[in-house]
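The values are calculated or read from the model by the stated rules, or taken from the named source; none is laboratory data. Just so it is clear, the model here is predicted, and its values are computed rather than measured. We place every Cβ from the backbone using ideal geometry, glycine too, and count neighbours over all the protein chains shown.
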There are 4 protein chains.
Amino acid sequence: MALRSFAAERDWDQFHTPKNLATSISVEAAELLELFQWSRGQKGWDEVADPSIRAKIEEELADILLYLIRFADKAGIDLEAIAERKIASNAIKYPPEKFRGSDRKYDE
Amino acid sequence: MALRSFAAERDWDQFHTPKNLATSISVEAAELLELFQWSRGQKGWDEVADPSIRAKIEEELADILLYLIRFADKAGIDLEAIAERKIASNAIKYPPEKFRGSDRKYDE
Amino acid sequence: MALRSFAAERDWDQFHTPKNLATSISVEAAELLELFQWSRGQKGWDEVADPSIRAKIEEELADILLYLIRFADKAGIDLEAIAERKIASNAIKYPPEKFRGSDRKYDE
Amino acid sequence: MALRSFAAERDWDQFHTPKNLATSISVEAAELLELFQWSRGQKGWDEVADPSIRAKIEEELADILLYLIRFADKAGIDLEAIAERKIASNAIKYPPEKFRGSDRKYDE
């Protein structure tokens, strides 16, 4: 995998501990969030549409994803498998007929 | 895509604004980080090896990934393309012969 | 100080390293943010007014503040002094006649 | 209060909604955490001792504290009162004779 050899070639493996990588994911997620910190419309569509902010959004999304893949790789976790499992369990937990148009999920 | 129809069937699209989804990614990333908050070894390998914590780690990784995919989908961003672009630009920015065994990257 | 003896009486000092405490502040901050994750009004006034959510908001604010005080105490930093210094430097950085009604600060 | 007039003089009140301020607290907390992201010693004492990193730590601590005070002010919450209440409830929840030298608290 490209990321694995990228880190190996630079001997960065020693810094890529689970705790450090979890920290990195949080830090990058906050950098994405920062782009919406004072969004006027409160929903963030303006930021997504603005070319210069959009470029930053893409940077941060890529950073989060790469650290996520790196974490999973170091921990021996199959990202695709756990994502599919989660979708299946969410489908059971939130049946559409009960949760339509509601965000009750998040309050209970 | 599975996630898109999952949200559509529940009319959750109205809540899935970029700002809300960026918030969700940050919140889930912090839930992952929380699992390493007091790690004794400071590196987090114990947590990854412990079956009950590992199950929680997988849950949080899946949550982050699903919100990431959802955000990209709503914003019309191709996750795979931006990840590849980022790897390519990192390879130029951090040449292995200059950055081997160093984490100088992060200090400068 | 109450917090110092609280930790000392429980031998928690060994876990209260700067990195761990910085992690705790981030985790608690995300728990506060989570309460506004799906806020309908997008501004969060409803949550502040709702008695049961308000109680949780107060819990999270207290957690952040206590970890902040703990961090400063362990690192030998005078919170009041640095807060006053910051207010003074912000006043110079953002003169009211230039920044009135503008959030330009955050874009530049 | 100094912060209140600071924001009022700049008409920033309109941006200081609870959701935006909770976002700011999280963003600043992550900026503090970022300073420890790759800490070699894993505990962060080196960063606290390094003058240039220490200056940044102080900046971030001040930012978190000021947004915390601002949030409490806008929401009409008495920070000192909730901090004292929390210390009292923690003292009951974690009796020293049961929790000495243990971080069991965080696992259960």
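Does B:Ile53 count as free of Cβ contacts under 8 Å to residues at least 24 places away in the same chain, at the interface with chain A (Cβ under 7 Å from one of its Cβ atoms) and of a type outside the set (Lys, Arg)? The answer is no for B:Ile53. On inspection, A:Lys43 fails the criterion of being within 8 Å of another protein chain (Cβ to nearest Cβ), charged (D, E, K, R) and under 27 Å from B:Lys43 (Cα atoms).
If we scan region B:65-78, do we find a residue that is modelled with pLDDT under 90 and not polar (S, T, N, Q)? Scanning region B:65-78 turns up no residue that is modelled with pLDDT under 90 and not polar (S, T, N, Q). Taking the conditions (1) more than 7 Å from every other protein chain (Cβ to nearest Cβ); (2) modelled with pLDDT under 95 in turn, C:Glu31 satisfies each one other than (2). Restricting B:Ala62, B:Ala72, B:Ala8 to those that are of a type in the set (Gly, Ala, Ser), more than 14 Å from chain C (Cβ to nearest Cβ) and either over 16 Å from the mean Cα position of the chain (by Cα) or more than 30 Å from A:Phe99 (Cβ to Cβ) (or both) reduces the list to B:Ala8. Hey, any hits in region B:26-44 for a residue that's in contact with a helix residue (DSSP H, G or I) (Cβ under 8 Å, 6 or more places away or on another chain), of a type outside the set (Asp, Glu), in a loop (DSSP other than H, G, I, E, B) and exposed (fewer than 14 other Cβ atoms within 10 Å of the Cβ)? Checking region B:26-44: at least one residue is in contact with a helix residue (DSSP H, G or I) (Cβ under 8 Å, 6 or more places away or on another chain), of a type outside the set (Asp, Glu), in a loop (DSSP other than H, G, I, E, B) and exposed (fewer than 14 other Cβ atoms within 10 Å of the Cβ). Summed over region D:6-18, residues that are at pLDDT 80 or above and out of contact with any helix residue (DSSP H, G or I) (no Cβ under 8 Å at 6 or more places or on another chain) total 2.
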